[in-house]
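Undergrad: Please see the structure below; I have some questions.
Throughout, read-outs are computed from the coordinates displayed, never taken from laboratory work. Predicted, not measured: the structure shown is a model, and the values here were computed from it. Note that each Cβ is placed from the backbone with ideal geometry, even for glycine, and that neighbours are counted across all protein chains shown.
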Amino acid sequence: MDFEKILQELKKSLITLFNDKFSEFSQESKKDITAFLNESKDKLERWTTLLKQGKLTLDDFEWLMQSQKDLFHLKALQAVGVSKISLGHFKNKIIKTIVNTVKVLVF
């Protein structure tokens, strides 16, 4: 399993998600995405490997990803006044996007 390829696909998927919802902040959002993926890289790689080996279920993987949600600092969106509720909903979409992307690439 080439984790770098998975990381690139995750970044692409997340950038698309951001552009669809907050296109006017795409440059700033790319920095937030990159920071999150860099902070979570080791855990993502470990969890993705365990998922591929069948040692984690997809539900387990999603639960673990939920635990990372607070690491996703949406500084660009916070700076322009997007509400905490909207950011919370958007973080949930981010987690779903990560889970779905990994599911497609691993299975």
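Undergrad: Check every one of the helices (runs of 4 or more DSSP H) wholly within the chain and list those with 3 or more residues that are touching a residue at least 24 places away in the same chain (Cβ under 8 Å) and out of contact with any Ser or Thr (no Cβ under 8 Å at 6 or more places or on another chain).
TA: Numbers: elements: 3-22, 26-52, 58-67, 75-79, 84-106.
The helices (runs of 4 or more DSSP H) meeting that bar are 3-22, 26-52, 58-67, 84-106.
Undergrad: State which residue is farthest from Asp42 (Cα to Cα) when the search covers only segment 88-101 and only residues that are out of contact with any Lys or Arg (no Cβ under 9 Å at 6 or more places or on another chain) and surrounded by 14 or more Cβ atoms within 10 Å (Cβ to Cβ).
TA: Thr97
Undergrad: Between Gln53, Gln27, Gln68, which is surrounded by 14 or more Cβ atoms within 10 Å (Cβ to Cβ) and more than 16 Å from Gln8 (Cα to Cα)?
TA: Gln68
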